[in-house]
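So the structure is just underneath, and the comments pick up after that.
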Amino acid sequence: MLRNPVGLSYAVVALLAAMVLSDVFLIFSALRVWLLMADGPDATGFTHLGVDATTWVQALLSLPTQVVFIIWFFRVRRNAGVFAPDLHRGGPGWAIGAWFVPIANFWWPRTVAAGTWRASRRDPYGDGKEERLTLLNWWWTLWILSVLLGMFASAVYDDADQAAEFAAGARLLMAWAALDIVAAVLAILFVRRLTSMQHRKATGMIPAAQ
């Protein structure tokens, strides 16, 4: 049975937009640290509060964003199973489980997403020239890079104890936040596009595969 993913998509987009906003604040906070540390080793204490506060906000936003996104992801995967049940590897439960398999979660959810995208196209069994996987591939690649760079940048900044080290960590945090913004925007576009594809198909504007 088809389930409408539109309402969930709005929630996902809102949470991702909040993450983008927090990344913008992180950029400015890290820039302030970088500039102050460039003045010498005496700039300490309050200069780090902006970075610390922003990372705490991001930690608080991260869990609900992940939960709502996975619920949306599971719903569109179930719908895709109705549209074209033979285009998927594994059942819809892997739309949830794939995210929690160590190492494999760097590519397995992307496989689920690709099958869902193909099944939601106008013609699931056509060449899909007008609905290629380009958006998915760019989002997934930049998201993986963002995760890796974020872990590295946080480790460098947290381990810093000298002005030059804090400055280097701040530069990495700015680079990570900028990359995370691009990845989040692509995620928003992916969610909106896939939801729209399924909505058109479910409402009869595009017939489901027989």
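The values are calculated or read from the model by the stated rules, or taken from the named source; none is laboratory data. Nothing here was measured: the structure is a model prediction, and the numbers come from that model. All Cβ positions, glycine included, derive from the backbone under ideal geometry; neighbour counts span all protein chains shown.
See the values below:
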quantity: Subset of the stretch 127-168 [loosely packed, with under 12 Cβ neighbours inside 10 Å and of a type outside the set (A, V, I, L, M)]; calculated: D127, K129, E130, T134, D158, D159, D161, Q162
quantity: Exclusive hit being at pLDDT 95 or above and loosely packed, with under 13 Cβ neighbours inside 10 Å, set F100, F73; calculated: F100
quantity: Number of the exception - V82 against (1) more than 15 Å from L194 (Cβ to Cβ); (2) of a type in the set (A, V, I, L, M); (3) surrounded by 13 or more Cβ atoms within 10 Å (Cβ to Cβ); calculated: (1)
quantity: Only listed residue being surrounded by 20 or more Cβ atoms within 10 Å (Cβ to Cβ) and of a type in the set (D, E, K, R), chosen from R171, R121; calculated: R121
quantity: Filter result for T47 (in contact with a Leu (Cβ under 8 Å, 6 or more places away or on another chain), part of a helix (DSSP H, G or I) and modelled with pLDDT of 90 or more); calculated: no
quantity: Residue satisfying condition, being modelled with pLDDT of 95 or more, under 27 Å from H48 (Cα atoms) and in a helix (DSSP H, G or I), within set L194, L173, L186; calculated: L173
quantity: Residue that is nearest to M197 (Cα to Cα), among those in the stretch 93-123 that are in a helix (DSSP H, G or I) and out of contact with any helix residue (DSSP H, G or I) (no Cβ under 8 Å at 6 or more places or on another chain); calculated: G97
quantity: Those residues of the stretch 80-92 which are under 22 Å from the mean Cα position of the chain (by Cα) and either assigned to a helix (DSSP H, G or I) or at pLDDT 95 or above (or both), in sequence order; calculated: A80
